[in-house]
Amino acid sequence: MDKVIIFDTTLRDGEQAAGASLNAQEKLEIARQLDRLGVDVIEAGFPASSPGDFEAVRLIAQEVRRPIICALASANTEAVDRAWESSKGAAHPRIHVFLSASDIQLSYQLKKSRDEILSMSREMVAHAKSYLDDVEFSPMDATRAEPAYIYQILEAVIDAGATTVNIPDTVGYITPPEFRDLIKGILTQVPNIRKAVLSVHCHNDLGLAAANSLEAIIAGARQIECTVNGIGERAGNASLEEIVMALKTRQDFFGVTTRINTTQVYRTSRLVSELTGFSIQANKAIIGENAFRHQSGIHQDGVLKKAITYEIMDPRSIGIPSSTLVLSKLSGRHAFKERLAELGYTLSEEALNHAFQGFKDLADKKREITDRDIQSLVAEELRTTTELYHLDHVEVSCGDHSLPTATVRLISPDGQGLADAALGTGPVDAVYEAINRIVGIPNKLTEFTIKSITEGIDAIGEVLIRIESDGITYTGRGAATDIIVASAKAYMNALNRLLAAKRDSSDVKT
Ligand code: KIV
Ligand code: ZN
């Protein structure tokens, strides 16, 4: 049957979501899981935007061998060169060049004529083509551009060697019937269109990203760009799980398939949520907590008699576990490793040993260790692999008749132990003040959330915080059975991301 190519851009457009910065190890874990999920293409980053992005693309290209590894590049020689340098080690590399195409962006942002854009597009595709065969081109903001101009650009870049042409609805503006007409127009008006794969890339500003992508498939597009959990710039991108499950559940209607192993959908979604710090809304289609919960008595009655009465998908088909396996302090390293593999993690020996130690420490405090506990432990492990400052010790004194006081010791990037103490309005504030005295990087705390990740008084507490510096948001997470320690870890995590971004200060996002 006709196959639709699933192009995952969680690690590139998804990471452009405000506050969603991932370190290279976290990106690699997600890329490995995307491989298990069966995506055809992984857009691993925008190498020219920062040294961190460059390094992550290079690492993924080396380690993840089955899918195509795509590197994004703006339409200039240096960006295309960086994209090639970072992705050339991949078994199947791709360079994705983009350039604005709407008159709005041409006149207000780039201050260039249509002719200039046309030749830049052609030249940069030809330049990418000098390195490799697999080249994609996107005329940015295509849905607000004049269709005839888009046809002209597509014809030119296909002539220059583009093997995939992608139509981005960059600002999530178009509606499904209009998008269908645009895709059909391209398929009939661009003379050489059959020499390339036609792709779409929809944003969700009006909540139409999945609908527009599906409409494009009906009209003849055969590559969909999407992200896990729909994360991405502003309101996000088309959500991978919605597209894939719509195509699978309504195969009778769409008549196409994908290569996705849908039983990996749930696991992938949890991993991305855990590592990006973006929780999934309860009523989110396919992967939300309530997506398969039935509240009304009539519905419950129906589902008990025959699930199909109120369920259009089998929760097992997306890999929702029917029961949660529990480990305890009697479980050995082997059982722990097996469980990690089942949950989709591939840790290095060193990280595994460290995580196993964390598991043992936790098992001393907590009778039963669930999958959520393990995921939280591993996320903690991945967070600390690339940190600059490490939290070595935290101690607080507080109560209803004492001044909240905290003492902390951090290990600096050059291995020095740095200790300080501070008072605060409460214990968490005191800890943050003490850390600030050491790290000394101005920022504003904009969000602080604490939740218990499993039930029970001995549960792990997970803290999510967001801090802002120079208008950029950084997310931090920390987990521990002690919520003050979890809060300290979360702050260190956000500060480390902030420091890493400042270090890679050539940051220029799309
Ligand atoms: O939304 C957009 O236009 C993009 C391009 C870089 C493809 O993300
Ligand atoms: Zn985008």
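Descriptive notes on the structure:
- Relative to the dominant Cα principal axis of the chain, helix 371-385 is inclined by about 80°.
- Using the rule -39500 (n - 2.57) for each DSSP H run of four or more residues, divided by the residues of the chain, the 222 nm mean residue ellipticity is -12500 deg cm²/dmol.
- The chain: angle of helix 240-249 to the longest principal axis, Cα-based, in degrees nearest 10: 70
- Measuring between their Cα centroids, the stretch 324-355 and the stretch 463-486 lie 25 Å from each other.
- With a cut-off of 15 Å between beta carbons, the residues surrounding LEU423 carry a summed charge of -3, where Lys and Arg count +1 and Asp and Glu -1.
- Antiparallel DSSP beta bridges within the chain, as percent of all bridges there, nearest 5: 50
- With contacts taken as Cα pairs under 8 Å at a separation of at least 6 residues, the chain carries a relative contact order of 12 percent.
- Using alpha-carbon coordinates, inclination of helix 77-87 to the longest axis of the chain, degrees: 60
- 29 Å Cα-Cα threshold exceeded, pairs from LYS3/LYS184; LYS248/LYS366; LYS337/LYS366: LYS248/LYS366
- Of the peptides 234-242, 457-465, the ranking by mean beta-carbon count within 10 Å, highest at the top, reads 234-242, 457-465.
- Separation of alpha-carbon centers, the stretch 24-61 and the stretch 401-458, rounded to whole Å: 32
- Computed over Cα pairs, the Kirkwood radius of the chain leads via Stokes-Einstein (0.692 mPa s, 37 °C) to a diffusion coefficient of 135 µm² per second.
- Span from the the stretch 107-148 Cα centroid across to the the stretch 221-284 one, whole angstrom: 28
Any read-out appearing in this document is the output of simple, stated calculations on the displayed coordinates, not a laboratory observation. Nothing here was measured: the structure is a model prediction, and the numbers come from that model. No Cβ is skipped: glycine too gets one built from the backbone with ideal geometry, and neighbour counts run over all protein chains shown.
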